[in-house]
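Only one structure is covered here, and it is reproduced in the block below.
Bear in mind these aren't lab numbers, they're just calculated from the coordinates by the rules spelled out. Just so you know, these numbers come straight off a predicted model, no measurement behind them. Cβ: placed from backbone, ideal geometry, glycine included. Neighbour counts: every protein chain shown.
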Amino acid sequence: MIKSLYIRNYVLIQTLDLDFESGLTAFTGETGAGKSIIVGALSLLFGQRADIQVIGPHADDAEIIAICHIESGSEADLWLKSQELEHDGEIEIRRTIHKSGRSKIWLGGKPSTNKTIQQLGEMVLQIHGQHDQVKLLQPAQQLHIVDSYGDFKQLLQDINAISDDWRTLQKQLEGLHNSGSLSAEQLQLLQYQFEELSNLELQENEYDSLHKQLEQATHAVELKSSLTQAQQLLSNGDLNASQILNNVSQSLSQTKGYDFSSIIGMLSEASINIEEAAAEIGLIEQNIDDDPQTLQTVEQRLDQIYSVGRKQKIEPHQLYQHTQELQARLSKHSEQDSEKQELEKAIQDSLDQFHNLAKQLHKKRQKAAQALATEISKQVKTLGLADAQLKIEVHRDSDKTPNPLGQDQVEFTVAINKGQSFQSLSKTASGGELSRIALAIEVSINQQQSGTFVFDEVDTGVGGATAEMIGQLMQQLGHNNQVFAVTHLPQVAGFADQHLQVSKENVNGITQSAVAVLEHEQRIHELARMSGGQNITETTLAQAREFLKTG
């Protein structure tokens, strides 16, 4: 509820500081006094588009501040916590408008935005007036009304959770497709390529090894001849290097007159190296295969590799690595395919659960809609629409994808007069009729709720017993809510728990609106003025006391 409202330099109000109570508060006053200014200020505070024309005369800016009570555990409380806005059961909303056109909003002392404050406003304040029923005509709001009446919180929470799960799984599946998942054509091609490479049975480094073998096999005879000659010169010939070194060493060791030990050591080491080189050459010679069949086998194997490389447009030396990459890609696809199947099954399970819950919700909504339509029709008949009947149709779209609100569309239809067919509210109801229907709806669904409702002259064009019934319904709605009623009917104002009178006066040549809280006797005189005009008589006073007594 709104606990207090401060207004400065707004339209005809220079300064106004009001404290409000729970229950029904009536705003009354003469025509043109500015009763609806309060409604305008609240609308502006909760996100209505700012217009510099609302700034009071001779002022540079306007300011509106409200202190709202936030009930613990309420929708508004949970929303504020989600916005990281701390409060101790009360929160301040402040808005300023400057002549330059600049507008600023603060929520809980922190700068805020129109969109944010509008979201909060939808939770704590509802305004109904002659020309302010657009929200009631919206399908989303009509669905919300049925849900508020039926109280399907747990079922809606379950549907919301399933819808979230379904969307998450869908995103995971989409991500899987976008992460390189193979199409059927791609998979077929890769499997064919991999099968061809697997049949080739290419080993790591085999291509390089075959090239070396080819080089050896091509020059095998020449190589063997050269190696045999080398061995002859090093150690096997009649006069070889090893023998020459031994002869030199022996000659120097027998020569007197000089110490040749270091040179003899070098010659000995050289002789050992020559022997090792000769032995290595011998091993190489033994391993050289000069069989013509070997050359043919190597050439055939290389031809196989070249052929596959050409078909797959891969360089021969890259075929082995390409095989490994194909295997890894096919393995990943297999894993993804398995994961995809699991995701698709989970998605279908979520979809089945959603359809099941949505079907349950549809049946409950139909039942609630029928009961609510009966209740609203009953209330509307007491508000001067004796022949009006309301019908609420609930249609289920079974093909609709998971949605936090289920699969239903709701439409309020009404027949105002006897013999008329049912039509949507937007096509058949006037502004005044819509206002009274809105009052009937709020009374029907908000007996156990908690919020602030503003009714701006919804009683226009009625009187007598109907006016009294409007006041009675507003009072009834105020038992668990805060209700503001801008009214010109004493029958309505008589039901108020708090009565505020709006007046207009001339201060130093400037017209200003003022608001006064009326006490008991003041209320009687105001009700008398409303029922009898400026000439207040004992009759009008007696009638005013009756209005107050009835209320």
- Please name which of Gln191, Thr113, Val248 has its Cα lying farthest along the dipole of the chain towards the positive end, using unit charges on Cβ (Lys, Arg +1; Asp, Glu -1) and the Cα centre as origin. Thr113
- Message: With a cut-off of 8 Å between alpha carbons and a minimum separation of six or more residues, what is the relative contact order of the chain in percent?
- Response: 22
- Query: What span do the alpha-carbon atoms of the chain cover on each of the three principal axes, reported in whole Å from largest to smallest?
  - Reply: 163, 66, 36
- Message: Longer than 25 Å from Cα to Cα, which of Lys3/Lys110; Lys153/Lys363; Lys153/Lys400; Lys81/Lys115; Lys81/Lys153 are they? Say none if no pair is.
- Response: none
- Item | Set of aspartates and glutamates with alpha-carbon distance to Lys99 below 13 Å, sequence-local pairs under 8 removed | Asp51, Asp60, Asp61, Glu63
- With -39,500 (n - 2.57) per DSSP H segment of 4 or more residues and division by the full residue count of the chain, the 222 nm estimate, nearest 500 deg cm²/dmol, is -18000 deg cm²/dmol
- Message: Taking R0 as 30 Å, what FRET efficiency do you get between Gln138 and Lys81 from their Cβ-Cβ distance, rounded to the nearest 0.05?
- Response: 0.65
- Out of Gln318, Leu210, Thr228 - ranked by how far each Cα lies towards the positive end of the dipole of segment 184-335, with unit charges on the beta-carbon of charged residues - the top one is Gln318
- In segment 184-335, what is the count of Lys pairs whose alpha carbons are under 25 Å apart, counting only pairs at least 8 residues apart or on separate chains? 5
- Counting Lys and Arg as +1 and Asp and Glu as -1, each charge on the Cβ, what is the dipole of segment 184-335 about the Cα centre in debye, to the nearest 20? 240
- Cut-off 18 Å, label 7 Å out along Cα→Cβ of Thr539, residues of segment 509-532 by amide N: 525, 527-532
- Residue by residue, what Karplus-based ³J(HN,Hα) values in Hz, rounded to whole numbers, does segment 496-502 have, using 6.51, -1.76 and 1.60 with θ = phi - 60° and x for Gly and Pro? 6, 7, 9, 10, 10, 9, 9
- Task: Do me a favour and compute the ellipsoid semi-axes for segment 184-335 from its Cα gyration tensor, root of five times each eigenvalue, largest one first, whole Å.
- Result: 57, 19, 8
- Out of the DSSP beta bridges found with both residues in the chain, what percent are antiparallel (nearest 5)? 70
- Task: Would you tally the net charge around Tyr306, using a Cβ to Cβ cut-off of less than 14 Å, leaving Tyr306 out, and scoring K and R as +1, D and E as -1?
- Result: -1
- Quick calc, Arg167 & Ser421: beta-carbon distance into FRET formula, R0 35 Å, rounding 0.05, result 0.30
- Task: On each of the three principal axes of the Cα atoms of segment 373-528, give max minus min coordinate, whole Å, ordered largest first.
- Result: 67, 38, 33
- If exposed trypsin sites (Lys or Arg not before Pro) are those in a DSSP loop with at most 16 other Cβ within 10 Å, what is the longest stretch of the chain that has none? 103-255
- Item | Extreme residue, positive dipole direction of the chain, given options Leu302, Ser350, Thr96 (C-beta unit charges) | Thr96
- With only Lys, Arg, Asp and Glu charged, each at its Cβ (+1 for the first two, -1 for the last two), find how big the charge dipole of the chain is about the Cα centre; round to the nearest 20 debye. 3500
- Global form of segment 456-551, assessed from the alpha-carbon gyration tensor, a/c cut-off 1.5: oblate
- May I ask you to derive the FRET efficiency for Glu201 and Ser338 from their Cβ-Cβ distance with R0 = 25 Å, giving the value to the nearest 0.05? 0.35
- Cross-link partners among aspartates and glutamates for Lys171, C-alpha distance below 12 Å, same-chain residues fewer than 8 apart left out? Glu344
